[in-house]
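Data block below; observations after.
The values are calculated or read from the model by the stated rules, or taken from the named source; none is laboratory data. Please read all numbers here as calculations on a predicted model, not as lab measurements. Positions of Cβ are backbone-derived with ideal geometry, glycine not excepted, and every protein chain shown enters the neighbour counts.
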2 protein chains.
Amino acid sequence: MTGPDRSSLEDRAFLEDWAVHSRIGAVPGTNGVDRQAATAADGEQRAWLAELLASHGFTVRRDEVGNLFGLLELVPGAPYVLAGSHLDSQPTAGRFDGAYGVVAAAHACFRVADEVRAGNAAARCNLAVVNWFNEEGSRFKPSMMGSSVFTGKLPLEQVLATTDRHGITVREALDTIDERGAGPVFGPAAGREVASYAEIHVQQGRSMEEDGVTIGLVNATWAAHKYEFVVTGEQAHSGAALMVDRRDALLGAARLVVAARELVDDFAPGLLHTACGELNVYPNSPVVVASEVELLLDLRSPSAEVIRAAHDSLMQTVDRVRREDRVGIEIRAEHTWDQNPYPEAGVELAREVAEELGLTHDRVMTVAGHDSTNMKDDVPTIMLFVPSVAGISHNLDEYTTDGDLIAGVRHLEGVVRRLAQGAPTGAAPSSPAEVA
Amino acid sequence: MTGPDRSSLEDRAFLEDWAVHSRIGAVPGTNGVDRQAATAADGEQRAWLAELLASHGFTVRRDEVGNLFGLLELVPGAPYVLAGSHLDSQPTAGRFDGAYGVVAAAHACFRVADEVRAGNAAARCNLAVVNWFNEEGSRFKPSMMGSSVFTGKLPLEQVLATTDRHGITVREALDTIDERGAGPVFGPAAGREVASYAEIHVQQGRSMEEDGVTIGLVNATWAAHKYEFVVTGEQAHSGAALMVDRRDALLGAARLVVAARELVDDFAPGLLHTACGELNVYPNSPVVVASEVELLLDLRSPSAEVIRAAHDSLMQTVDRVRREDRVGIEIRAEHTWDQNPYPEAGVELAREVAEELGLTHDRVMTVAGHDSTNMKDDVPTIMLFVPSVAGISHNLDEYTTDGDLIAGVRHLEGVVRRLAQGAPTGAAPSSPAEVA
């Protein structure tokens, strides 16, 4: 362990880098950022990260889907402890979501690397930092794109051909910012393996803040059911057409949005979260009854039983809207998964590190998906949270205190150190979860 | 009147031109078109119309907002009988809406002009055909843009600076298709005045078809109240944020869409039409609770009292949604107008023409707005309908039979002939209506 002086310098170094990074893609007049995947702002922050990693002796590599890695070989031929998260953001979002995990991982790895290189610690593994491509899924769908390709859950070619609203492909967007690599960075072809994965993130909920917990030991993800609905009606003059003749796709879609919210009240408070965040209308003209509306709707719960009951109820609403409003409702895509655990040995390792550092801690579930949700099916994975003030997330006002940021980096450093020393973390669970 | 042989040749000439025009901007594999204002397809049909008008000796002029006129001076210095409608369409729309009125007006004027030039008829007025710019309002809002500038209801500079979804201004779009003129075509500066205005359109309803009526004598527009709502919430993670913490703008908007439909059932069938055709979500990402939704919502009724009662009820819903869903709801713009008559003398003139031609006719109200709604506040105006099969409108499958198209052109020809002879049509009503 480092002494207090060195710690203080390290904390300051992290906060300085954090302050510099937070200015990239900043939304003027706010505390937040807009750095959607493979935009100019994303290119800028990636160049910044690459320079930071290189300045600490890490070798920078991009794979074919734009995952950006910093590699440090301490033990020739040994597998790597991988730590990171994602730098991309939602539109007009907070500066902590994802980005904190990447900058924290870089600093945690720098510290452990310095120790090993100074001969003050042993290592059985090499170190790598990762910035996963497009975790947010706002510009290109689905979310968690980079880690899904990395873990073989999405085919590379399909992802590269995916377009944004303006018809720009992932391949074109990555090429525009010069962030598409030539081949894999890990795996047999690359001659490198991942031994374990660690990620830290702001909570995106307010339970830790309310409970006075500094380190969240993430032990499971919530169950969920996600739908892509297409509601079809028929174009008509929105003034002149008789109401009885109309087949209004936007009306059908609006009924689903309202029904999803009302489902929540059928269960005890906190047991079901529902949302529709994206809804696209065609032709979307003031005097035309809509012929097609696409909407993305989610159900999330700690309980898979609640998800199943809510799904059944939602399907009854779908049938009723089809019948009463004479619209077509098709489920173009859906994904469902049960509550999904993180490896218990990793949770225990993270708990020990928190005890060692004297940091308050508790087990928490994650409602949101993270790249670690993909990674945990392949390698021993540890997921950590720090508190977020009032749980504000995907919002310009997202905020975590410097004290919590610093504690989180310290804790991740402890986790990376143990993983680099080859601490047991439990195998990846045998039943892989679906990707959200 | 012309003899049967000449009539038959004239009918054929109209149908031939109509067939050629219908292929411009055609949507492949359908009977419909996509010719939104100042797009390439609009440029193509305007060039076609200009050539058609010129080939019949009409002088083609555009004004500063892209209204396209064909002028024929028969009586030097006399005012003009103006006839026309609009060529622009909604996205994926029918080929009749607006376009029929322009091509019918051209042929009606050609026939009357030929008679006068052949010395077979007298004229006190000159003749002009008009294609109004952007009646539909799908690309650039508001609708009826060209006739609103012409009648002084919208300022030219404001209209030219209006942008579409891609930030392209009306000025730029008109310049791209080379359809922006240098100055006014009518008015004191141009040395030309409009004596009267006539327009024919497909009904966009099914009452005439059901009643076996060929010519609709439009005697009034429905009352209406149109709103541009902005619902404001707060961005949040759509999975992780507690339901109780959310302020979901899309939920609030969906409740308004549903409420508007449910309002209809508070009144007798046919007394109230409501719609929301356009709704835009920000940031419109699958995992973000929307912070802002803009929606355009209309109430329409033959009865101003119904509109007032429906408005009061809608405002109660707005208050409830504000309170219960904790969202902001602002009315950014609204327009309301009472039932609005067309000049009675014009309706009577049109009735006499129908009688003369042996065409079935009836008085009908228009639910949709038309350029004649603007014109009737300034000059004696006659508005005519022909039937539309099943009332299908703003839809690729919109259809009117050749027989009804031909009858409509014949009828409009009779109206233009009488107007050119200086028939009394009644002054414009003294209380101008608001523009929709």
(message) Among the residues of the range A:221-242, what is the count of those that are within 14 Å of chain B (Cβ to nearest Cβ), in contact (Cβ under 8 Å) with a residue 60 or more places away in the chain and assigned to a strand (DSSP E or B)?
(response) 10
(request) With the checklist (1) touching a helix residue (DSSP H, G or I) at 6+ places or on another chain (Cβ under 9 Å); (2) at pLDDT 95 or above; (3) outside any loop (DSSP other than H, G, I, E, B); (4) buried (at least 16 other Cβ atoms within 10 Å of the Cβ) in hand, flag the one item B:L359 doesn't pass. (result) (3)
(request) For the range A:170-188, state whether one or more residues are of a type in the set (D, E), within 30 Å of A:R417 (Cα to Cα) and in contact (Cβ under 8 Å) with a residue 24 or more places away in the chain. (result) yes
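Being modelled with pLDDT under 95 and farther than 27 Å from B:E234 by Cβ narrows it down to one residue among A:A354, A:A350, A:A423, A:A407; which is it? Explain how you work it out, then say what you get.
Working: A:A354 fails: modelled with pLDDT under 95; A:A350 fails: modelled with pLDDT under 95; A:A407 fails: modelled with pLDDT under 95.
Just a single option satisfies the conditions, and that option is A:A423.
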(request) Take A:H166 and decide whether it is at pLDDT 95 or above and within 12 Å of chain B (Cβ to nearest Cβ). (result) no
(request) Residue by residue through the range A:138-162, note down the ones that are more than 14 Å from A:G84 (Cβ to Cβ), touching a residue at least 24 places away in the same chain (Cβ under 8 Å) and within 14 Å of chain B (Cβ to nearest Cβ). (result) A:S138, A:R139, A:F140, A:P142, A:S143, A:M145
(request) Specify the residue that is nearest to the chain's Cα centre (by Cα); the eligible residues are those in the range A:8-31 that are part of a loop (DSSP other than H, G, I, E, B) and free of Cβ contacts under 8 Å to residues at least 12 places away in the same chain. (result) A:R23
(message) Name the residue that is surrounded by the fewest Cβ atoms within 10 Å (Cβ to Cβ), counting only residues in the range A:32-45 that are part of a helix (DSSP H, G or I) and not aliphatic (A, V, I, L, M).
(response) A:E44
(message) Looking at B:L71, B:L53, can you tell me which residue is surrounded by 19 or more Cβ atoms within 10 Å (Cβ to Cβ) and in contact with a Ser or Thr (Cβ under 6 Å, 6 or more places away or on another chain)?
(response) B:L71
(request) Determine which member of the set B:A249, B:A254 is crowded, with 24+ Cβ neighbours inside 10 Å, more than 10 Å from every other protein chain (Cβ to nearest Cβ) and not polar (S, T, N, Q). (result) B:A249
(request) Can you confirm whether the range B:200-208 contains a residue that is at the interface with chain A (Cβ under 8 Å from one of its Cβ atoms), under 30 Å from B:R410 (Cβ atoms), surrounded by fewer than 23 Cβ atoms within 10 Å (Cβ to Cβ) and among the basic types (K, R)? (result) yes
(message) Suppose the filter is surrounded by fewer than 19 Cβ atoms within 10 Å (Cβ to Cβ), of a type in the set (D, E, K, R) and more than 14 Å from chain A (Cβ to nearest Cβ); does B:E172 pass it?
(response) yes
(request) From the list A:A113, A:A121, pick out the single residue that is in a loop (DSSP other than H, G, I, E, B) and either in contact (Cβ under 8 Å) with a residue 40 or more places away in the chain or more than 26 Å from A:A13 (Cα to Cα) (or both). (result) A:A121
(request) Could you figure out which of (1) polar (S, T, N, Q); (2) more than 28 Å from A:S196 (Cα to Cα); (3) surrounded by fewer than 21 Cβ atoms within 10 Å (Cβ to Cβ) isn't true of A:Q339? (result) (2)
(request) Any residue in the range B:248-277 that's free of Cβ contacts under 8 Å to residues at least 12 places away in the same chain: show its pairings with residues that are assigned to a loop (DSSP other than H, G, I, E, B) at Cβ separation under 6 Å, as long as the two are six or more apart or on different chains. (result) B:V264/B:L272
